[in-house]
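The block underneath contains the structure these notes are about, expressed in structure tokens.
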Amino acid sequence: MKTNKHRYRRARLRRSGFTIIELMVTIAVISLLIALLLPAVQSAREAARRTQCRNNLRQIAIGLHNFHSAYGRFPANGWGFAWLGDPDRAVGESQPGGWIYQSLPQMGETQVWSIGEGLTGADRELALRDLSRTVLPVFKCPTRPAQQLGPQTPMFAYVNASPLNLVARTDYAINEGDYVSHTDEGPASLSEGNSDTYAWTDTTSVTGISWLRNAARIADITDGSSNTYLVGEKHVSISGYADPVDAGYDQSMYSGVDLDITRWTITPPMQDGKAKSFRAFGSAHQDSFQMSMCDGAVRSVSYHIDELIHQNLGNRHDGLPNVEW
């Protein structure tokens, strides 16, 4: 009798387990559910990243408007790509650093602006090297899978900083309009830059917001501040994420006017890919990139926007009628 009870219990235990077929069906169902759920999870994560990117642009635009309130115009864009910002020089024509460097105090980053202040000689050059690689998360789009601290191009050295190999990069660029002034590296020394005889690049035809040693006022934006680009996301070649092979993503964001901190609207916007288009706005987002207009509003712009409309939105005073886009 006892033996029969044990056999009965063992039989019940055997019958309560899973067969191989049942297990395979269960795994298949779970895999299917994961496959269905994964795109939704990825979409939600990208939506969160896009929102963070939008917030970054909003903060940058607020900083630029605070600068305008303090100085009567937007920040100028420095002396050229061979210069870093100088903490002992004022903003405007005398400041070698570009729009990012010049707007740091208005963005609550006075401590970064002050790196190297009061130093001279080699100590100053070492301090400015540290400045060049100081990352600020507000200038990083979370969708782009590249480190903000990236390799510096070996093609040249900064005039006012010690040699370096890693720099803090920006995913956002100021709008210089639909005319390229072809600004070069700038003067070879501070004294040359201070000289009345130095031949600066002619920028009288620039149509955007910030350029070599100068910038626009709100009053200069006659097409309307809600219809003119201020600052936005920039295109980067995916090959430039980790290597200094994209001319628009291989220098410090604290430099003077350069492809890294400036973009134009003569080139259609592009999503990041294999192609290199170092004058184009764009991003790593799907379908569209984001721009802050001169009124501070952040808008999504399709990669398929009409090329002429995109070009006109970069021009502050072309006098063309407003259109829906």
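Checking the condition assigned to a loop (DSSP other than H, G, I, E, B) and within 25 Å of MET107 (Cβ to Cβ), which residue from ASP260, ASP202, ASP223, ASP243 passes?
On the way: ASP202 fails: within 25 Å of MET107 (Cβ to Cβ); ASP223 fails: within 25 Å of MET107 (Cβ to Cβ); ASP243 fails: within 25 Å of MET107 (Cβ to Cβ).
The match here is ASP260.
Scan the range 240-270 for residues that are surrounded by fewer than 19 Cβ atoms within 10 Å (Cβ to Cβ) and either within 18 Å of ARG213 (Cβ to Cβ) or aromatic (Phe, Trp, Tyr) (or both) and report the count.
Within the range 240-270, residues that are surrounded by fewer than 19 Cβ atoms within 10 Å (Cβ to Cβ) and either within 18 Å of ARG213 (Cβ to Cβ) or aromatic (Phe, Trp, Tyr) (or both) number 1.
Out of the residues in the range 93-119 meeting the condition of being more than 17 Å from LEU131 (Cβ to Cβ) and out of contact with any strand residue (DSSP E or B) (no Cβ under 8 Å at 6 or more places or on another chain), tell me which one is surrounded by the fewest Cβ atoms within 10 Å (Cβ to Cβ).
SER94
Testing SER189 on (1) in contact (Cβ under 8 Å) with a residue 12 or more places away in the chain; (2) touching a Phe, Trp or Tyr at 6+ places or on another chain (Cβ under 7 Å); (3) more than 22 Å from VAL301 (Cβ to Cβ), one condition comes back false. Which one is that?
(2)
Within the range 299-325, which residues are in contact with a Ser or Thr (Cβ under 7 Å, 6 or more places away or on another chain) and under 27 Å from ALA247 (Cβ atoms)?
SER300, VAL301, SER302, TYR303, HIS310, GLN311, LEU313, GLY314, ASN315, ARG316
Taking only the range 1-50 into account, find how many residues are polar (S, T, N, Q), more than 30 Å from GLN286 (Cα to Cα), modelled with pLDDT of 65 or more and not in a loop (DSSP other than H, G, I, E, B).
The total comes to 1.
Looking at LYS234, LYS274, can you tell me which residue is open to solvent by 50 Å² or more (accessible area, probe 1.4 Å) and among the basic types (Lys, Arg)?
Of LYS234, LYS274, the one residue that is open to solvent by 50 Å² or more (accessible area, probe 1.4 Å) and among the basic types (Lys, Arg) is LYS274.
Among the residues of the range 54-111, what is the count of those that are within 13 Å of ASN214 (Cβ to Cβ) and either at pLDDT below 95 or assigned to a loop (DSSP other than H, G, I, E, B) (or both)?
14
List every residue pair whose Cβ atoms sit under 6 Å apart, with the two residues 6 or more apart in sequence or on different chains, where the first one lies in the range 196-210 and is over 18 Å from TRP99 (Cα atoms) and the second, anywhere, is at pLDDT 95 or above.
TYR198/PRO187; TYR198/GLU192; SER205/TYR179
Of all residues in the range 157-173 being hydrophobic (A, V, I, L, M, F, W, C), in a loop (DSSP other than H, G, I, E, B) and at pLDDT 95 or above, which is farthest from ARG144 (Cα to Cα)?
Filtering first and then ranking leaves VAL159.
Taking the range 135-148 on its own, how many of its residues are touching a Ser or Thr at 6+ places or on another chain (Cβ under 9 Å) and within 18 Å of ILE100 (Cα to Cα)?
The qualifying residues number 5.
Specify which of the listed residues (ARG316, ARG279) is part of a loop (DSSP other than H, G, I, E, B), farther than 22 Å from CYS53 by Cβ and open to solvent by 10 Å² or more (accessible area, probe 1.4 Å). Show your work before the answer.
Working: ARG279 fails: farther than 22 Å from CYS53 by Cβ.
When all the criteria are applied, what remains is ARG316.
Go through the residues of the range 129-145 one by one and say whether even a single one is in a loop (DSSP other than H, G, I, E, B), more than 23 Å from ASP243 (Cβ to Cβ) and open to solvent by 20 Å² or more (accessible area, probe 1.4 Å).
no
Can you name every residue in the range 42-73 that is open to solvent by less than 10 Å² (accessible area, probe 1.4 Å), under 18 Å from the mean Cα position of the chain (by Cα) and hydrophobic (A, V, I, L, M, F, W, C)?
Kept after step one, since they are open to solvent by less than 10 Å² (accessible area, probe 1.4 Å), are these residues of the range 42-73: 53, 56-57, 60-61, 63-64, 67.
From what's left, under 18 Å from the mean Cα position of the chain (by Cα): 53, 56-57, 60-61, 63-64.
Across the range 42-73, the qualifying residues are CYS53, LEU57, ILE60, ALA61, LEU64.
The values are calculated or read from the model by the stated rules, or taken from the named source; none is laboratory data. What you see is a predicted model; the values in this text were computed from it and never measured. All Cβ positions, glycine included, derive from the backbone under ideal geometry; neighbour counts span all protein chains shown. These accessible areas exclude ligands, DNA and RNA; they are computed on the full protein's heavy atoms, side chains included. Shrake-Rupley method; radii C 1.70, N 1.55, O 1.52, S 1.80 Å.
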